[in-house]
Structures are given as structure tokens and as C-alpha cells.
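Scroll down for the structure; my scribbles are underneath it.
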């Protein structure tokens, strides 16, 4: 519980200071349309893969927007969703690797600067981590521990995770590995195993149906295949480090944002690699070590599949699977820190040397885990990071000021949109002003004439927008890269 409270505090504290851009605004506008106007959407935000994402994320973000139009509430919602991922990670580690593995892995995940800051964005991929963790634990409960209900929940969770970002569908081989294990180890349960897996697959397919209908309708107007084929592959953006873009993938995986270079950073990466190798060796030697194989696959399979099929790679696509790295770190450090299990007398003689070796590493491993946690906390607190180009704190403050000016002057409020994707932010703020203050502002397109009312108006917009600069001569600067002008009749 203390670790969960810490994770929740870090992920929700001052969430409004994070970036809020066009993608955040697009999701927010659709979520408000669902929450406040009862609209139905079969498609979500545009995808960098040339397609359109599932509408799942906008329906999830409709939950906070049902209570408040303030985007900071949606950012807090993202933080709470990722706090759930911390909790599920703890359950997985505690059940299959022990108490110390759960403590070490979950606290490293809870305080990691990149995982904290990135958990505050309004983004479809940021909602995937708890679903991937639930996908992993239901797979282990269902196919490793033979729980029927977990088997039926397993594939729908993969479907939901993939609808947060399609790259999570690459985790499907985990289900295949679990099914093979269960098929071999539970021969008398094969009929129930097959039936429950088919039911699970049917439910998963049903959850994909709305998105499938939306994509089909979208494809009637856009050449989807051509869009996907025109996306740059990993090999096309490869660097000089690796073949076919492999170095590009590894470099981006190592150079996470918000994590400054320090001496313990390569140590933590090394623990992950060594731990992955150790878990794979254990899994090769014993079927009982299957959970280790599953979390290693959970971490590595998405970048591996991306490289093999030469798909477009951005490190954020890996976000839902990244908690597995902390599971691996917790498993290897927890195995050393924990006291050796009590063996039978014969087994105890055979493992005496290993037990002595493990005891000799116990305190160094404990101190290393403590140092990693302290290092991450220090990075979070003391490292100076550049502020985002614009934040919800600033944008909401700017719109609140504009609304007050319009009411004081008894004039209409007009919102000047920026060209392209950047205009979505101010289109969202217009919705915020209407739902929060009851003021129905007029939207002014960047390429249209300004319909000035007879009594004049208060004009507000992005300060970077050079369109209609003459309207803002002598204007008032405001927070959030905004500017405002009083237009006389």
C-alpha cells in the first residue's frame, strides 16, 4: 500500500505542468463529445502508422471529462491508470518471484522519472500499461495455475491493450507459449482448455468489432494500404550502431526521456539484461520457471517483432510493455536479497555452496537496490528539466482570463485557431470555456474572415500563430503562449 500511494502521488502531483498539445486536445475533444453530448465514435486519434487508433482511449478519457472539462483531470486519470499498473506488477512479482522481488520491482517502477512524468500525458498509449500487466497475470493464472476464469479474461485484455496501441498485439506469442505449456501439463483439462480459450478469443474479437467497423468506413475514403506502405521502416531510419535499425531500437530504449546520464543508469540496464538471461536459463531448465520466460517475452517481444518486420519504431510504442523491465530487475535483485529457501537435508548439502554465495551477495544486492531507488528519486527531485512548450496550467489560466475580460467588457469572445494540428488545442479550450463558464465562444478559422460583431469582441489565440498579427497589435500577453486583444467595433 505505501508503494501504491507513493506511485499515485508522483503520477498525479502537479500533473497540469506537463505538456498539452494537439494530440492531447484531439483525444480530449472526442472524449468531451462522448461524455457531455452523448456522441458515438468508432475511431480514436490518428495513428502515426497511417491508420486511425481504436476509440477505446477516448471512451476511457470520457470518464474524467464527465466530471470536469478541465484537462488536468484527464492527466490525473492517466496517472491513476498507471498506478494500477504498479499494483498489478507488485501482485505478479509477489506471487511468482517472492516478496522482495515485489518490493524492489514495484518501487523501482513507482519512482522511475520517465515512468512518472510520461504517466501524466493524455495519450492513448499511456493507458496500455495496466492492461498489459493484467494480460500477463491472467495468462499466468489461467495457463500456469489452471484457472478457467483467468483464461477467458486473458485474450480480451490483449485486445484492449492493443486498442490502446496496436504494437501491443505483438505480445500474442505470450499467449501461444502459455497455451503450449498448459496443453502439455494439463492433459486431462485439454477440452476445457480449448473451450475456454475459444471463448476468450470470441470475446476479444467482439471487443474489436466497433474499431473494425470504423476502420472499414475510413478505408472507403482513404487508401489505407498505401498509407501504411509509405511509413518509414526501422531500417530506413537506422543509425550506424546496428543492422537494419536494431541499433536505433536499442539506443532509443536506453536513452529514455527525462532520465539524465549517470553512473547507475548503465548498471540498471545491465541488471535487466543479466536478469533476462538468468530467467531464460531457468525457464529452459524447468517448466516451473515459466513466469520468468513470460516477463522476458513481455519486455523484448515488441521491439523484436518491430525489427523483424521492419515496422516504424518510436520508443513510446513500447510504453505498455516497459513495466516488465522492472519485474525483471525485481526478480533478480529480490532473488539475491531474499533468504535462501529451506531445503531438505540432502538438497541442502548439494546447494550449500550456492547458499553461501547467495548470502555473501545479499547485502551488496540490497545496497544496490537502495542506491537505484535513491538515484531515481534524486533524479526526479533535483534534475532541472526544461518546461514543456505549453501546459494545461497555462492554457486553462489563459482561457479563464479571456472569459473574464469578455464578461467585463460585455463583448463576445472569439478564439482564433492556428493552422493545422496546432489549432486543436484552442478548439478544445473553446469547449472548456463553454462547459466551465457557460460562455459560447466563436471559433475563427485561420483562413477565414473575422466576423466582428457590432459591439466588438475579445480575441484570444496562440501567440506563435502569426496569422492575423495586425489584430494583436498592442495585445495583452497571457500564460500558455497566448495573446489577447480587445477589438473595438
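What the table shows:
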| quantity | calculated |
| --- | --- |
| FRET efficiency for residue 455 and residue 149, using Cβ-Cβ distance with R0 set to 45 Å, rounded to 0.05 | 0.10 |
| Theoretical FRET efficiency, 1/(1+(r/R0)^6), r = Cβ-Cβ of residue 14 and residue 191, R0 45 Å, to 0.05 | 0.25 |
| Between the stretch 121-154 and the stretch 185-202, the alpha-carbon center distance in angstrom | 17 |
| Cα centroid separation, the stretch 381-396 to the stretch 34-112 (Å) | 21 |
| Proxy reagent accessibility, fewest Cβ within 10 Å first, across 180, 27, 137 | 180, 137, 27 |
| Difference of contour (0.36 nm per residue) and Cα-Cα distance, residue 308 to residue 366 | 17.1 nm |
| Nearest-0.05 FRET efficiency for residue 409 and residue 4, computed from C-beta distance (R0 56 Å) | 0.70 |
| Per residue Cα convex hull volume in Å³ - calculated over the stretch 44-157 | 123 |
| Likely footprinting exposure, 488, 47, fewest C-beta neighbours within 10 Å first | 488, 47 |
| Likely footprinting exposure, 188, 481, fewest C-beta neighbours within 10 Å first | 188, 481 |
| Distance between modelled label sites at residue 384 and residue 68, nm, 7 Å Cα→Cβ extension | 3.1 |
| Under the Debye formula (equal points on every Cα, no solvent term), log10 I(q)/I(0) of the stretch 392-487 at q = 0.11 Å⁻¹ | -0.25 |
| Cα-based Rg and Dmax for the stretch 25-96, where Dmax is the largest Cα-Cα distance (Å) | 14.7, 46 |
| Antiparallel %, DSSP beta bridges [both residues in the stretch 392-487], to 5 | 55 |
| Three principal axis lengths of the stretch 107-198 [C-alpha, angstrom, descending] | 48, 27, 19 |
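Every number in this text was worked out from the coordinates using simple rules, so none of it is lab data. None of these values were measured; they are calculated from a predicted model. With ideal geometry, Cβ positions are generated from the backbone for all residues, glycine too; neighbour counts draw on all protein chains shown.
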